[in-house]
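Okay, so here's the structure we're looking at.
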Amino acid sequence: MKSRVLSFVEDLRRGAADQYKYVEKALEEAAKKDPKFNIFITLKGEIPENLALSGKLAGVPVAIKDNIVTKDLRTTCASKILENFVPKYSATVVKIIEKEGAVIIGKTNMDEFAMGALGTTSAFGPTLNPLDVKLSPGGSSSGSAAAVSSGIVDIALGSDTGGSVRLPAAWTGVFGLKPTYGAVSRFGLISYADSMDQIGPIASTASDLAYLYSIISSFDPLDPTSSGNPWGNKIERIAREEPDYDILRSIKLKVPKELVEHPQADDSIVKEFSRALSKLESEGAEISEISEPSLLKVPQVYYIIAFSEASSNLARFDGVRYGSRVIMPEEVDWDTYYMENRALFGWEVKRRIMLGAFILSKGYYEMYYSMALKARGMIKSKVEQMLSGGGIILTPGSPIPPLPIDYDATDLSR
């Protein structure tokens, strides 16, 4: 499907479109749908003056996940501890899209500090799925995915550490991408797990996804992990061109047996996935099944590393360096002050901080954290071997359908 955003920008350049009407429509849709789905934490109410007439995103409304800092626009990470935080600078990706003429209409709801998979841990209430309010929209980029799924905007920015763009995209019926680590600047993204966090695009079409990704992917000297865009203008050309089905004849598609035959994989999703594979095969794609048992260990490795890094990263939110204050430091001793202010964190964030602190403690660091780092390196090596000789690894976007919005994520036995 042709890029809606690109079509608008081209129409605007020819004088056949009105950027004010585009933004006004997005704001009207947001005002109408936000009360129903709880998509935004902070929503702009007015159209900015002097909207851009040129740029790759001229006059295009964009929704931004609320863990990406925006100058003079509240950024809360969906947490009471940052409820009144207004940044003095913008993230690199925000500067890039604004330079290209994009109009940020609001900051989207999310799981608190990007910790959660259901969109339900926000201090400002859960985001509801526009496709079915009884179902979770997925997390943690729940609001950004819902903003696109509900038709408020065509493109949005989220962040992905362990599936936080990909899962909500799958569960709300839109397109989402976690870019290669370092391809998009993380400067201005409030950290959850530094070694895995990545800002990623969400869009209503695959072409829009590619187009937004081509814009935000670039080298940033402010991000020490930035590697830049190795593809040049190739991604933008893909967004602009019609699909080339003949290319399937030269692509090797590889399906990991362990992920498709996983005991928790939903039969209906596996069936639809198999149907999609058959369609690709009929168009000339070469599909092979591969086996790599180590892939089943990815969740365990992810949680150990992510919780450990979160415990370290969130130590700064103590009411002194960052965060709201419940009591003033001169009123009580330091221990009481620290604990009272940290009580502003929600239950999921507290759980991950405590587990991370345990993992990093003396006697357990080598047993858990060091082993997880070694396991990650081993799994990375295995995946590189799977991709040797070229090809693409295919899996379902989610092996299970959306869970109920009232699913009890506090029950660790499930």
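Side notes on the structure shown:
- FRET efficiency, 1/(1 + (r/R0)^6) with R0 30 Å, evaluated for residue 407 and residue 32 via beta carbons: 0.65
- Cβ-derived FRET efficiency at R0 30 Å, residue 218 paired with residue 290, nearest 0.05: 0.35
- One equal scatterer on each Cα of segment 4-243, no solvent, Debye formula: the resulting log10 I(q)/I(0) at q = 0.11 Å⁻¹ is -0.48.
- Geometric extent, Cα atoms of segment 307-377 - Rg, Dmax (angstrom): 14.5, 48
- In a simple Cβ point-charge model (Lys, Arg +1; Asp, Glu -1; nothing else charged), the chain has a dipole of about 440 debye relative to its Cα centre.
- Gain in span if fully extended, residue 340 to residue 281, counting 0.36 nm per residue against the direct Cα distance: 15.3 nm
- For residue 252 and residue 297, the FRET efficiency from 1/(1 + (r/R0)^6), where r spans their Cβ atoms and R0 equals 25 Å, is about 0.50.
- Selected from 309, 330, 236 as most flexible by GNM, with the chain as the system and alpha-carbon contacts under 10 Å: 330
- Computed lengthening from residue 332 to residue 196, 0.36 nm per intervening residue step minus Cα-Cα distance: 45.2 nm
- Reduced Cα scattering model of segment 79-148, Debye log10 I(q)/I(0), q = 0.17, 0.22, 0.25 Å⁻¹: -0.71, -0.99, -1.08
- When the alpha-carbon atoms of segment 244-414 are used, the pair Rg, Dmax equals 22.4, 72 angstrom.
- In this simple spin-label approximation, residue 357 and residue 261 carry label points 7 Å from Cα along the Cα→Cβ vector, and these lie 4.4 nm apart.
- Fluctuation leader among 287, 247, 353 - the chain, Gaussian network, Cα springs under 10 angstrom: 247
- Semi-axes of the equivalent ellipsoid for the chain, computed as √(5λ) from the eigenvalues of its C-alpha gyration tensor and ordered from largest down, come to 32, 30, 20 Å.
Read-outs: derived from the displayed coordinates by stated rules, not from any lab. Just so it is clear, the structure is predicted and the values come from calculations on it, not from any experiment. For neighbour counting, all protein chains shown are included, and Cβ atoms are generated from backbone atoms with ideal geometry for every residue, glycine included.
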